[in-house]
2 protein chains.
Amino acid sequence: MAQSPKIDDTDRRILRELRRDGRLSNAKLAEQVGLSATPCWNRVRALEESGVIEGYAALLNQKALGLPDTVLIEVTLERHDDDMLYRFGKALAELPEVMEAYLLTGEYDYLIKVAVAGTQGYEEFLRHKLYKLPGLRHSRSTFVLRTLKRETSVEP
Amino acid sequence: MAQSPKIDDTDRRILRELRRDGRLSNAKLAEQVGLSATPCWNRVRALEESGVIEGYAALLNQKALGLPDTVLIEVTLERHDDDMLYRFGKALAELPEVMEAYLLTGEYDYLIKVAVAGTQGYEEFLRHKLYKLPGLRHSRSTFVLRTLKRETSVEP
DNA sequence: CTTGAAAGTACGTGGGC
DNA sequence: GCCCACGTACTTTCAAG
């Protein structure tokens, strides 16, 4: 996790390939980007060690895991002191249904993305999870009708 | 991409490990979940073929790639006929800065998550990209102050 | 589910352009 | 920087028991 000095064009091509397929073997990756195995492997390693590559993950199908629906919820707190923001944010992040959670500018709110099973799962999440968190003032939910794009990372 | 019939406890453990580390070797994975190599590999393959595992990806550091900031933008269209919704959504998804794009319930809007470099990059995105899309009526942006959680998939 | 065996891969080392 | 070649240990992948 040192510095990440210069990322050249070849690095970007490596990143592009590994973002598409995180299990590419070094041999195939080298072929794709037009290097031989050794320098390619050295670059991948450097990208990992400098933290440009943060890790690798299997991408799982939400539907197959029984949580087909996605809800975006804007959350407003009663108070906005540092302690409150920290503790509430931590509690949000610990809920397994919450896939993403962001602290936002503006009125010091959160936006969270939640995976649920239908309106019933949504109601259960609200009543048994979100509404039990102390300090919540208000929430406003929107169901996702269609996911048009969902990238794991920015485009290299 | 056939059906995904029953996912048992062992499958879930496999998925949990592979979500954490998508490059785990089958040998180590088998050890982690308490199987020997072959049955473990058969399960992984079945999970891949049934679409439960959608793929594997390297996770890239947004900051290292020069787009350290994230903006959430609510987008409202002028008209909401099917053709418009489809074409606008497609145009949104094609912008490389857009990492996620959702079509929402309510007033038939989009929410997009965009990676930019500071307020300057944000302004450029608005002027040169978003505002050039035909049919846009209104947009409302919020900067992300802190990312509290960002999972690639739902928890298995 | 286990064992086994062939092919491929990772990862290092050392030489050379 | 890059390529090439070699080497060991590990992994994948597929039999067959």
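Once you reduce the range A:79-151 and the range A:8-54 to the center of their Cα atoms, the two points are 36 Å from each other. Taking every alpha-carbon pair under 8 Å whose residues sit at least 6 apart, the range A:12-61 reaches a relative contact order of 29 percent. Amide H contacts of A:Arg146: B:Leu103, each under 5 Å away and 5 or more positions distant or on a separate chain (H built 1.01 Å from N in the peptide plane; Pro and chain starts excluded). For the range B:9-50, the share of alpha carbon pairs falling in successive 5 Å distance bins from zero is 6, 27, 42, 23, 3 percent. Each other copy holds its own label point for B:Gly34; taking that point as 7 Å from Cα along Cα to Cβ, the gaps run 5.2 nm, nearest first. The charge dipole of the protein assembly as shown, taken about the Cα centre with unit charges on the Cβ atoms of Lys, Arg (+1) and Asp, Glu (-1), comes to about 420 debye, rounded to the nearest 20.
Given R0 = 35 Å, the distance between the Cβ atoms of A:Arg12 and B:Arg12 translates into a calculated FRET efficiency of 0.45.
Exposure proxy shown here: for A:Lys113, A:Lys129, the number of other Cβ atoms within 10 Å sets the order, fewest to most, as A:Lys129, A:Lys113.
Restricting the GluC sites (Glu not before Pro) of the range B:39-68 to loop positions (DSSP other than H, G, I, E, B) with no more than 13 neighbouring Cβ atoms within 10 Å leaves nothing. Taking Cα pairs under 8 Å and at least six residues apart, what relative contact order does chain A come out at, in percent? Result for chain A is 26 percent.
A simple rule links phi to the HN-Hα coupling: the Karplus curve 6.51 cos²θ - 1.76 cosθ + 1.60 with θ = phi - 60°, which for the range A:107-124 gives 9, 6, 10, 10, 10, 10, 10, 10, 9, 9, 9, x, 5, 5, x, 5, 4, 5 Hz, with x for Gly and Pro. Pairs exceeding 25 Å between alpha-carbon atoms, taken from A:Lys113/B:Lys28; A:Lys90/B:Lys113; A:Lys90/A:Lys113; A:Lys6/B:Lys149; A:Lys132/B:Lys6; B:Lys113/B:Lys149: A:Lys113/B:Lys28; A:Lys6/B:Lys149; A:Lys132/B:Lys6.
Note that the range A:107-151 carries a Kirkwood radius of 12.3 Å, evaluated over its alpha carbons pair by pair.
Once backbone amide H atoms are built at 1.01 Å from N, B:Glu54 has A:Leu59, A:Leu60, A:Asn61 as its partners under 5 Å, excluding neighbours fewer than 5 places away on the same chain. Projected onto its three principal axes, the C-alpha set of the protein assembly as shown covers 50, 46, 44 Å, listed from the longest axis down. Counting Cβ atoms of other protein chains within 10 Å of each residue's Cβ and taking the mean over peptide B:34-46 gives 0.
Taken over the C-alpha atoms, the range A:1-92 has Rg and Dmax values of 19.7, 58 angstrom. Taking the radius of gyration and the Kirkwood hydrodynamic radius from Cα positions alone, what is the Rg/Rh ratio for the range B:62-144, to two decimal places? Looking at the range B:62-144, the ratio lands at 0.96.
Here chain A yields Rg over Rh of 1.09, to two decimals, using C-alpha coordinates and the Kirkwood radius. Checking every one of the trypsin sites (Lys or Arg not before Pro) in the range B:23-67 against DSSP loop status and a limit of 16 other Cβ atoms within 10 Å picks out B:Arg23, B:Lys63. About the centre of its Cα atoms, the range A:9-50 shows a dipole size close to 140 debye [charges on the beta carbon of Lys, Arg (+1) and Asp, Glu (-1) only; nearest 20 debye]. Computed from backbone phi, the HN-Hα couplings of the range B:31-47 come to 4, 4, 9, x, 10, 8, 4, 4, x, 5, 5, 4, 5, 4, 4, 4, 5 Hz, rounded to whole numbers (Karplus: 6.51 cos²θ - 1.76 cosθ + 1.60, θ = phi - 60°; Gly and Pro given as x). Once the Cα-Cα distance is subtracted from the 0.36 nm per residue extended length, the B:Ser36 to B:Glu94 segment shows a gain of 16.5 nm.
FYI, it's all coordinate maths here, none of it is from the lab. It should be emphasised that the depicted structure is a prediction, and the values quoted were computed from it without experimental measurement. All Cβ positions, even for glycine, are placed from backbone atoms using ideal geometry, and neighbour counts span all protein chains on display.
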